[in-house]
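Have a look at the structure below before the remarks.
The values are calculated or read from the model by the stated rules, or taken from the named source; none is laboratory data. No experiment lies behind these values; they were computed from the predicted model shown. Here the Cβ is made from the backbone with ideal geometry for all residues, glycine too, and neighbour counts use every protein chain on show. The area values use the complete protein model at the heavy-atom level, side chains included, leaving out ligands, DNA and RNA. Shrake-Rupley method; radii C 1.70, N 1.55, O 1.52, S 1.80 Å.
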Amino acid sequence: MMLTTPSIHDALAIAELRDDDIVMIHADTGPAAQLTGVPSAERLDRFIESIISFFKRGTIIVPTFSYSLMKGDTFDKEKTPSDVGLFGEKFRNLDGVERSCHPIFSVAVYGQNKEVFINTNLTDCFGEDTVFDKLFLHNAKILCLGCSLDRVTFVHYVEQRLGVRYRYFKNFGGTVICNGQKKEIVTRYFVRVLEFDTTCNLNLLKEKTAGNGSLKQACLGRFPLISISAKEFFTAASNLIDANSYALIGQRFCT
């Protein structure tokens, strides 16, 4: 099945997204390959343009995570490439898009509330005043385009808020170059315990939220489109963790 800008907009509307939403987008490039009448080299650009044109009164936030301090690298918000896919790397280089200065979990932002999500706490990854905290406070929509719910990094905000036992705090220090200024910072990251399988597995959360109607789904041709609000995600994840501390990871334990 081929896609067009109108069919992309229709899919977003079916998932009950609005043109003034604040959205954090996790995306693969697969859906872009389905665009009709567009040269292959231009399809990803056109796909991103179609998404931006839908949220004409909204705010779009896209991960451009680099994990720089974890690798011992300097983070330069203008030059350091994203480590989490071509969609984010393309998006961050568009006119009107600005990138945050977080040396591990930077994001690229476009739209009405850009400054809110650019100016965040750099000394924590998922705590107070980070981009993930602001997603929760503004009840942003979390949108997956062609990828599974397991890609949603917001889950680690929930895990940190609830203090899950399979993660712990670790500090990372290094150099950040932001808006032409170089500074040394230390940021804490709620990292995973490596002794057992702590990889994200949100099958239970997907089942629960699809069942109660808070997870919205549509299709981008042969690829899925999934959307859920940050607060509905938080509530569902919290309830699952209350029932079983390990409900959101690959290795299940009885509690």
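Some notes on this structure:
- Total residues in the range 230-255, condition small (G, A, S) and open to solvent by less than 10 Å² (accessible area, probe 1.4 Å): 4
- The residue pairs whose first member lies in the range 105-119 and is more than 19 Å from L69 (Cα to Cα), whose second member is surrounded by fewer than 22 Cβ atoms within 10 Å (Cβ to Cβ) and among the β-branched types (V, I, T), and whose beta carbons are closer than 6 Å, counting only pairs six or more residues apart or on different chains, are V109/I118; Y110/V97; G111/T59; Q112/T59; N113/T59.
- Test: residue in the range 165-179 that is under 18 Å from the mean Cα position of the chain (by Cα) and basic (K, R): no
- Check on H9, surrounded by 20 or more Cβ atoms within 10 Å (Cβ to Cβ), outside any loop (DSSP other than H, G, I, E, B) and in contact with a Ser or Thr (Cβ under 8 Å, 6 or more places away or on another chain): no
Residues are listed down the side, and each one gets a yes or a no for (1) touching a residue at least 24 places away in the same chain (Cβ under 8 Å); (2) open to solvent by 50 Å² or more (accessible area, probe 1.4 Å); (3) within 24 Å of V155 (Cα to Cα):
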position	(1), (2), (3)
D19	yes, no, no
I22	yes, no, yes
H26	yes, no, yes
Q34	yes, no, no
A41	no, yes, no
L44	yes, no, no
F47	yes, no, no
S50	yes, no, no
F54	yes, no, no
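- Residue match in the range 184-197 (condition: open to solvent by less than 60 Å² (accessible area, probe 1.4 Å), assigned to a strand (DSSP E or B), among the β-branched types (V, I, T) and more than 26 Å from N113 (Cβ to Cβ)): yes
- Some residue of the range 121-129 being modelled with pLDDT of 95 or more and under 14 Å from the mean Cα position of the chain (by Cα): yes
- Qualifying residue in the range 150-159 (condition: out of contact with any strand residue (DSSP E or B) (no Cβ under 7 Å at 6 or more places or on another chain) and open to solvent by less than 20 Å² (accessible area, probe 1.4 Å)): yes
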